[in-house]
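Input: a single structure, listed below in structure tokens.
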Amino acid sequence: MYGAILGDMIGAPYEFDRSPKTKVFPLFSAVSEFTDDSVMTVAVAEALLDSAGKADDEIRAALVSSMRKWGKRYPDAGYGGCFYGWLRAKNPEPYGSYGNGSAMRVSSVGWLYGTPDETRRMARLTAEVTHNHPEGIKGAEATAGAIFLARTGHGKNEIKDYIVSEFGYDLSRSCDEIRPAYRHVESSQKTVPEAITAFIEGIDFEDVIRTAVSLGGDCDTLTCIAGSIAEAFYGIPDEMVSECNNRLPKDMLAVIDRFTEQKL
């Protein structure tokens, strides 16, 4: 989860087309703060830990409960309009979203389950409580699947081939080809492929983060997704983990610590 949260923090200052469009920028600043991406990443992880071994309906209920609890605890984290309404609805229902929110919060799934099929099934559950559009579900499954493969020793070509064959994403463009015209967009189908491409081109964790930020677009979420995969492939330098911890509240750190003890 640290990879996702660091990606969120580092990308946040450059959201809404404020990217420098270069990999040369300060990695951290006074405004490198967590947003809704990190809050919901923690919420999903907590729900999955709490509902481990339970039936799908119970897992969905735990996800809804945890996401609403954390959303109300951090109401100003930058939620999208539809999701903000879902957080406050009397009877929250999925709202057909194909936004990238399902992919930004799914990173824990890639670490908690032992097979690609189970990883995809659980990613679907985390998505469909809100993002039940096929593209929203696909974005979550692809991200979690890439994390699973990365952490289980698969190479980048294998990960790329899996994503293309299973999900049909176009990963043929390079970052240099994406960067010039890429602008802020919040759909899964125009965020997840770009994030995976940034991961594929990066040479270490920090370089993946810098590459993702350089693309622009919905920069905190794109970098959150890229960082979540990069952590599984490269690990994260200790100093970056320490920097992340210094910028997180104790309640979020408690969930991360619990997750770290339980992940495979």
Query raised in the report: What does the charge dipole of segment 1-133 about its Cα centre add up to, to the nearest 20 debye, if the Cβ of each Lys and Arg holds +1 and the Cβ of each Asp and Glu holds -1?
Result: 160 debye
Report task. Find out how many positive minus negative residues lie around Gly71, taking Lys and Arg as positive, Asp and Glu as negative, among other residues whose Cβ is under 9 Å from that of Gly71. Result -> +4
Query raised in the report: How far, in nm, would the chain grow between Asp238 and Lys23 when pulled straight, counting 0.36 nm per residue and subtracting the alpha carbon separation?
Result: 75.3 nm
Query raised in the report: Which of Thr223, Tyr162, Val64 sits closest to the plus end of the dipole of the chain, meaning its Cα is farthest towards the positive end, when Lys and Arg get +1 and Asp and Glu get -1 on the C-beta?
Result: Val64
**Report entry** Rel. contact order, % - alpha carbon contacts under 8 angstrom, at least six apart, the chain
**Finding:** 31 percent
Query raised in the report: Ranked highest first by the average count of other Cβ atoms within 10 Å around their residues, in what order do 126-136, 102-112, 146-156 fall?
Result: 102-112, 126-136, 146-156
Query - Given charges at beta-carbon only (K, R positive; D, E negative), |dipole| of the chain in Debye - result: 500 debye
Report summary line: Given 76-85, 215-224, 34-43, the highest-first ranking by average Cβ count within 10 Å works out to 215-224, 34-43, 76-85
Report task. Give the long-range amide H neighbours of Gly99: residues separated by 5 or more places, or on another chain, with amide H under 5 Å away, using H modelled in the peptide plane at 1.01 Å from N. Result -> Ser188
Report summary line: Counted neighbours (other Cβ, 10 Å), sorted fewest up, put Ile137, Ile209 in the order Ile137, Ile209
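Computed from the coordinates by the stated procedures, all read-outs in this text should not be read as laboratory data. Note that this is a predicted model, so its numbers are computed, not measured. All Cβ positions, glycine included, derive from the backbone under ideal geometry; neighbour counts span all protein chains shown.
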